[in-house]
1. In terms of solvent-accessible area of protein heavy atoms at a 1.4 angstrom probe, what is the ranking of Lys45, Lys26, Lys37, highest value first?
2. What order, most packed first, do the peptides 27-34, 48-55 have when packing is the mean number of other Cβ atoms within 10 Å of each residue?
3. Defining a contact as two alpha carbons under 8 Å apart and six or more residues distant in sequence, what relative contact order in percent does the range 1-86 show?
4. Tell me, what is the 1.4 Å probe accessible area of Lys5, in Å² to the nearest 10?
5. For the chain, which whole-number percentage of the solvent-accessible area (1.4 Å probe, protein heavy atoms only) is attributable to carbon and sulfur atoms?
6. Could you work out which residue, out of Leu118, Leu162, Leu152, moves most in a Gaussian network model of the chain, that is, has the largest mean-square fluctuation with Cα springs under 10 Å?
7. Checking the table Lys119/Lys205; Lys5/Lys204; Lys95/Lys204; Lys37/Lys205; Lys95/Lys205 against a 22 Å threshold on Cα-Cα, which pairs fail?
8. Could you sort His181, His212 by accessible area so the largest value comes first, with the probe set to 1.4 Å?
Amino acid sequence: MASAKILVVDDDSAIRNLIVRFLSQKTYQVQAAADGKSAIDLFNKFNPDLVILDVNLPDALGYNLCEQMQRNTNVFILMLTSRTDVEDKKEGFLKGADDYITKPFDLQELEFRVRAILKRRRVIIPEEKDSLVFGNLTIDPERREVMVNDHLVTLTSLEFDLLYCLASQPGRVWSRAELIHRVWEYDYVGDQRVVDVHIGQIRKKIETDTSHPALIQTVRGVGYKFEATSVKHG
(Lines give C-alpha, C1' and ligand atoms only; values in the text may rest on other atoms or scores of the structure.)
Protein backbone atom coordinates (compact mmCIF):
# COMPACT_ATOMS: atom_id res chain seq x y z
CA MET A 1 0.00 0.00 0.00
CA ALA A 2 1.34 3.45 -0.94
CA SER A 3 2.48 5.64 1.91
CA ALA A 4 -0.08 8.14 3.13
CA LYS A 5 0.01 11.73 1.91
CA ILE A 6 0.03 14.44 4.58
CA LEU A 7 -0.41 18.18 4.12
CA VAL A 8 1.00 20.37 6.91
CA VAL A 9 -0.52 23.87 7.20
CA ASP A 10 1.08 26.26 9.70
CA ASP A 11 2.31 29.85 9.33
CA ASP A 12 5.14 29.24 11.84
CA SER A 13 8.02 28.13 9.62
CA ALA A 14 9.95 26.53 12.48
CA ILE A 15 7.02 24.30 13.50
CA ARG A 16 6.04 23.62 9.88
CA ASN A 17 9.56 22.55 8.87
CA LEU A 18 10.01 20.47 12.01
CA ILE A 19 6.81 18.48 11.33
CA VAL A 20 7.66 18.07 7.63
CA ARG A 21 11.15 16.75 8.36
CA PHE A 22 9.93 14.42 11.11
CA LEU A 23 7.06 12.88 9.12
CA SER A 24 9.14 12.61 5.93
CA GLN A 25 11.58 10.43 7.86
CA LYS A 26 8.63 8.15 8.70
CA THR A 27 8.13 7.48 4.94
CA TYR A 28 5.00 9.64 4.60
CA GLN A 29 4.64 11.83 1.53
CA VAL A 30 4.55 15.34 2.98
CA GLN A 31 3.76 18.77 1.53
CA ALA A 32 3.43 22.06 3.40
CA ALA A 33 1.69 25.43 3.17
CA ALA A 34 1.99 28.62 5.22
CA ASP A 35 -1.44 30.17 4.64
CA GLY A 36 -5.01 29.32 3.75
CA LYS A 37 -4.90 30.19 0.04
CA SER A 38 -1.81 28.14 -0.73
CA ALA A 39 -3.18 25.35 1.48
CA ILE A 40 -6.35 25.05 -0.61
CA ASP A 41 -4.38 25.17 -3.88
CA LEU A 42 -2.02 22.47 -2.65
CA PHE A 43 -4.88 20.44 -1.20
CA ASN A 44 -6.58 20.24 -4.59
CA LYS A 45 -3.36 19.20 -6.38
CA PHE A 46 -1.88 16.92 -3.71
CA ASN A 47 -5.10 15.18 -2.60
CA PRO A 48 -3.80 14.32 0.89
CA ASP A 49 -5.10 11.57 3.17
CA LEU A 50 -4.55 13.75 6.25
CA VAL A 51 -4.16 17.48 6.87
CA ILE A 52 -2.36 18.76 9.97
CA LEU A 53 -4.00 22.16 10.20
CA ASP A 54 -3.17 25.14 12.39
CA VAL A 55 -6.21 27.02 13.68
CA ASN A 56 -4.77 30.53 13.33
CA LEU A 57 -3.48 31.40 9.86
CA PRO A 58 -2.72 34.89 8.51
CA ASP A 59 -5.54 34.81 5.95
CA ALA A 60 -7.98 32.19 7.25
CA LEU A 61 -9.36 30.31 10.25
CA GLY A 62 -8.37 26.67 10.33
CA TYR A 63 -11.93 25.73 11.32
CA ASN A 64 -13.27 27.12 8.04
CA LEU A 65 -10.54 25.43 6.00
CA CYS A 66 -11.38 22.15 7.73
CA GLU A 67 -15.00 22.48 6.68
CA GLN A 68 -14.05 23.43 3.13
CA MET A 69 -11.60 20.55 2.71
CA GLN A 70 -14.07 17.96 3.97
CA ARG A 71 -16.98 19.23 1.89
CA ASN A 72 -16.29 16.85 -1.01
CA THR A 73 -13.64 14.50 0.36
CA ASN A 74 -13.06 11.97 3.15
CA VAL A 75 -9.82 13.64 4.22
CA PHE A 76 -8.84 13.38 7.88
CA ILE A 77 -8.08 16.60 9.77
CA LEU A 78 -5.78 16.93 12.79
CA MET A 79 -6.13 20.43 14.25
CA LEU A 80 -2.96 22.03 15.58
CA THR A 81 -3.11 25.05 17.84
CA SER A 82 -1.78 26.82 20.89
CA ARG A 83 -5.33 27.28 22.17
CA THR A 84 -6.42 25.14 25.09
CA ASP A 85 -9.93 26.42 25.68
CA VAL A 86 -12.64 23.73 25.57
CA GLU A 87 -14.89 25.89 23.37
CA ASP A 88 -12.13 26.17 20.77
CA LYS A 89 -11.78 22.41 20.70
CA LYS A 90 -15.53 22.00 20.42
CA GLU A 91 -15.55 24.40 17.45
CA GLY A 92 -12.88 22.30 15.73
CA PHE A 93 -14.82 19.09 16.21
CA LEU A 94 -18.04 20.73 15.06
CA LYS A 95 -16.31 21.64 11.82
CA GLY A 96 -15.32 18.00 11.27
CA ALA A 97 -11.86 17.71 12.82
CA ASP A 98 -10.83 14.15 13.66
CA ASP A 99 -8.42 15.04 16.44
CA TYR A 100 -6.83 17.99 18.17
CA ILE A 101 -3.30 18.54 19.50
CA THR A 102 -2.09 21.66 21.29
CA LYS A 103 1.31 23.36 21.13
CA PRO A 104 3.81 22.68 22.47
CA PHE A 105 3.58 19.00 21.59
CA ASP A 106 5.83 15.96 21.55
CA LEU A 107 6.72 14.69 18.07
CA GLN A 108 6.22 11.08 19.17
CA GLU A 109 2.71 11.93 20.32
CA LEU A 110 2.05 13.62 16.97
CA GLU A 111 3.16 10.49 15.12
CA PHE A 112 1.03 8.34 17.43
CA ARG A 113 -2.07 10.38 16.63
CA VAL A 114 -1.29 10.46 12.89
CA ARG A 115 -0.92 6.67 12.79
CA ALA A 116 -4.14 6.17 14.75
CA ILE A 117 -6.13 8.45 12.44
CA LEU A 118 -4.77 6.89 9.25
CA LYS A 119 -5.44 3.37 10.54
CA ARG A 120 -9.15 4.04 10.13
CA ARG A 121 -8.70 4.08 6.33
CA ARG A 122 -8.22 0.32 6.42
CA VAL A 123 -10.90 -0.75 8.88
CA ILE A 124 -13.42 -1.91 6.29
CA ILE A 125 -11.10 -2.88 3.41
CA PRO A 126 -10.15 -6.49 4.35
CA GLU A 127 -13.65 -7.94 4.10
CA GLU A 128 -16.85 -7.13 2.30
CA LYS A 129 -19.60 -5.94 4.59
CA ASP A 130 -23.28 -5.69 3.79
CA SER A 131 -25.18 -2.44 4.07
CA LEU A 132 -27.11 -1.86 7.28
CA VAL A 133 -30.75 -0.96 6.61
CA PHE A 134 -33.09 0.43 9.26
CA GLY A 135 -36.34 1.68 7.76
CA ASN A 136 -35.46 4.74 5.67
CA LEU A 137 -31.83 4.75 6.84
CA THR A 138 -29.16 2.86 4.86
CA ILE A 139 -25.50 2.70 5.92
CA ASP A 140 -23.15 1.33 3.24
CA PRO A 141 -19.72 0.50 4.72
CA GLU A 142 -18.16 -0.33 1.35
CA ARG A 143 -18.95 3.03 -0.21
CA ARG A 144 -18.94 4.78 3.18
CA GLU A 145 -22.27 6.37 2.31
CA VAL A 146 -25.41 7.06 4.33
CA MET A 147 -28.84 7.47 2.75
CA VAL A 148 -31.96 8.84 4.46
CA ASN A 149 -35.20 8.59 2.46
CA ASP A 150 -33.08 7.81 -0.63
CA HIS A 151 -31.12 11.05 -0.22
CA LEU A 152 -27.37 11.00 0.33
CA VAL A 153 -26.35 12.42 3.70
CA THR A 154 -22.90 13.97 4.00
CA LEU A 155 -20.97 12.77 7.06
CA THR A 156 -17.35 13.40 7.98
CA SER A 157 -15.13 10.30 8.16
CA LEU A 158 -15.29 10.31 11.94
CA GLU A 159 -19.07 10.74 11.98
CA PHE A 160 -19.46 7.79 9.64
CA ASP A 161 -17.20 5.57 11.76
CA LEU A 162 -19.11 6.52 14.90
CA LEU A 163 -22.53 5.88 13.34
CA TYR A 164 -21.42 2.57 11.83
CA CYS A 165 -19.98 1.44 15.17
CA LEU A 166 -23.29 2.13 16.95
CA ALA A 167 -25.56 0.75 14.21
CA SER A 168 -23.56 -2.45 13.72
CA GLN A 169 -24.66 -3.60 17.20
CA PRO A 170 -28.22 -2.30 17.72
CA GLY A 171 -29.34 -2.18 21.33
CA ARG A 172 -25.84 -2.34 22.77
CA VAL A 173 -25.08 0.47 25.20
CA TRP A 174 -21.67 2.08 24.60
CA SER A 175 -19.91 4.27 27.13
CA ARG A 176 -18.10 7.33 25.82
CA ALA A 177 -14.77 5.72 26.72
CA GLU A 178 -15.65 2.57 24.73
CA LEU A 179 -16.66 4.61 21.68
CA ILE A 180 -13.46 6.63 21.85
CA HIS A 181 -11.37 3.48 22.09
CA ARG A 182 -13.26 1.79 19.25
CA VAL A 183 -13.61 4.71 16.84
CA TRP A 184 -10.57 6.88 17.63
CA GLU A 185 -8.61 3.61 18.08
CA TYR A 186 -6.31 4.80 20.81
CA ASP A 187 -6.52 6.02 24.36
CA TYR A 188 -7.78 9.53 23.69
CA VAL A 189 -6.66 11.74 26.55
CA GLY A 190 -8.89 14.72 25.85
CA ASP A 191 -12.39 15.62 27.00
CA GLN A 192 -14.80 12.72 26.46
CA ARG A 193 -17.51 15.24 25.59
CA VAL A 194 -16.03 15.16 22.08
CA VAL A 195 -18.31 12.12 21.61
CA ASP A 196 -21.37 14.22 22.51
CA VAL A 197 -20.41 16.84 19.93
CA HIS A 198 -20.15 14.27 17.13
CA ILE A 199 -23.35 12.49 18.17
CA GLY A 200 -25.12 15.84 18.03
CA GLN A 201 -23.86 16.42 14.49
CA ILE A 202 -24.96 12.95 13.33
CA ARG A 203 -28.41 13.40 14.85
CA LYS A 204 -28.90 16.64 12.92
CA LYS A 205 -28.29 14.70 9.72
CA ILE A 206 -30.28 11.48 10.27
CA GLU A 207 -32.91 12.07 12.94
CA THR A 208 -36.42 13.34 12.14
CA ASP A 209 -36.66 15.13 15.50
CA THR A 210 -33.35 15.92 17.18
CA SER A 211 -35.09 16.90 20.42
CA HIS A 212 -36.50 13.35 20.62
CA PRO A 213 -33.94 11.18 18.79
CA ALA A 214 -35.26 7.75 17.80
CA LEU A 215 -32.13 6.19 16.33
CA ILE A 216 -29.21 7.23 18.52
CA GLN A 217 -30.51 7.32 22.06
CA THR A 218 -28.78 8.70 25.13
CA VAL A 219 -28.43 6.32 28.06
CA ARG A 220 -28.19 8.58 31.09
CA GLY A 221 -25.02 8.23 33.09
CA VAL A 222 -23.51 5.78 30.60
CA GLY A 223 -23.39 6.79 26.96
CA TYR A 224 -25.32 5.93 23.81
CA LYS A 225 -27.06 3.13 21.95
CA PHE A 226 -28.52 2.66 18.47
CA GLU A 227 -32.15 1.60 18.78
CA ALA A 228 -33.31 -0.26 15.66
CA THR A 229 -36.70 -1.22 17.12
CA SER A 230 -37.77 2.42 17.16
CA VAL A 231 -37.39 2.71 13.39
CA LYS A 232 -40.63 2.88 11.46
CA HIS A 233 -40.41 0.78 8.30
CA GLY A 234 -41.88 1.69 4.99
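The values are calculated or read from the model by the stated rules, or taken from the named source; none is laboratory data. This is a predicted model, so every value here is computed, not measured. Neighbour counts run over all protein chains shown; Cβ positions are idealised from the backbone, glycine included. With ligands, DNA and RNA removed, areas are computed over all heavy atoms of the protein, side chains included. Shrake-Rupley method; radii C 1.70, N 1.55, O 1.52, S 1.80 Å.
1. Values: Lys45 170, Lys26 75, Lys37 140 Å².
These residues rank, largest area first, as Lys45, Lys37, Lys26.
2. Working: 27-34: 18.1, 48-55: 25.1.
Order by mean packing, descending: 48-55, 27-34.
3. 30
4. My reading of the accessible area for Lys5 is about 50 Å².
5. Working: 5430 of 11680 Å².
Reported share for carbon and sulfur atoms: 46 percent.
6. Comparing Leu118, Leu162, Leu152 in a Gaussian network model of the chain, the most mobile one is Leu152.
7. Values: Lys119/Lys205 26 Å; Lys5/Lys204 31 Å; Lys95/Lys204 14 Å; Lys37/Lys205 30 Å; Lys95/Lys205 14 Å.
Long pairs (Cα-Cα over 22 Å): Lys119/Lys205; Lys5/Lys204; Lys37/Lys205.
8. On the way: His181 110, His212 135 Å².
In descending accessible area the options line up as His212, His181.
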